[in-house]
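Novice: Here it is: the structure, laid out below.
The values are calculated or read from the model by the stated rules, or taken from the named source; none is laboratory data. If you're wondering where the values come from, they're calculated on a predicted model, not measured in any experiment. Heavy atoms of the whole protein, side chains included, go into the accessibility calculation; ligands, DNA and RNA do not. Shrake-Rupley method; radii C 1.70, N 1.55, O 1.52, S 1.80 Å.
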Amino acid sequence: MTASALETKQSEEVVKEEANLPVFLPDVDIHTDESYVYLAADLPGVNAENLDISIENRVLTIYGKQHIEVAHGRVYHKEYRNGHYKRSFTLNDTLDAEKIEADLQNGVLYVKIPKRKPEVKKITVRS
């Protein structure tokens with residue numbers, strides 16, 4: 001299995017604006033072994049209620065809303081960013097999109113995508 005089993009669909013750091021909030025690409029690591037492809041996406045400030053993971057036409061999309069409100073009174077300095085995270089990946093036919101598992105732990109989304117077992121088809125030879 002090559003790394004092309006899971007291909008990213010976007011490459012810009014800031015994709016576009018939605019509802020006047022920027023859309024960011026989360027940092028992602030992708031690893032593989034004999035049975036699975038593992039994806040870890042950094043989603044600081046996103047909780048499970050504000051996270052949507054979907055599959056459509058073999059495209060896995062991760063979408064999360066982040067809103068951090070820490071202001072009390074007048075803001076003197078602000079580095080927290082509010083906005084949306086969105087990242088999409090194309091799954092090839094070697095991956096089983098029906099059995100994907102996902103967990104969110106400490107601001108990191110872990111996605112486990114099983115590989116399909118290769119099908120061996122017996123071909124009858126006529127004589």
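Novice: Scan around Arg116 for amide H atoms under 5 Å from its own, H built in the peptide plane at 1.01 Å from N, and keep only partners 5 or more places away or cross-chain.
Specialist: Counting only residues 5 or more places away or on other chains, the set is Leu95, Asp96.
Novice: I'd like the carbon and sulfur percentage of the solvent accessible area for region 17-127, probe radius 1.4 Å, heavy atoms only, ligands and nucleic acids excluded.
Specialist: 47 percent
Novice: Keeping all protein chains in place, calculate the accessible area per residue for region 37-127 (probe 1.4 angstrom), answer in Å².
Specialist: For region 37-127, the solvent-accessible area averages 74 Å² per residue.
Novice: Which whole-Hz ³J(HN,Hα) couplings does region 108-120 yield from phi under the Karplus relation 6.51 cos²θ - 1.76 cosθ + 1.60, θ = phi - 60°, glycine and proline marked x?
Specialist: Listing the rounded values in order: 10, 8, 10, 10, 10, 10, x, 8, 6, 6, x, 8, 10 Hz.
Novice: Quick one: length gained pulling Glu79 to His67 fully straight, 0.36 nm per residue minus the C-alpha distance?
Specialist: 3.1 nm
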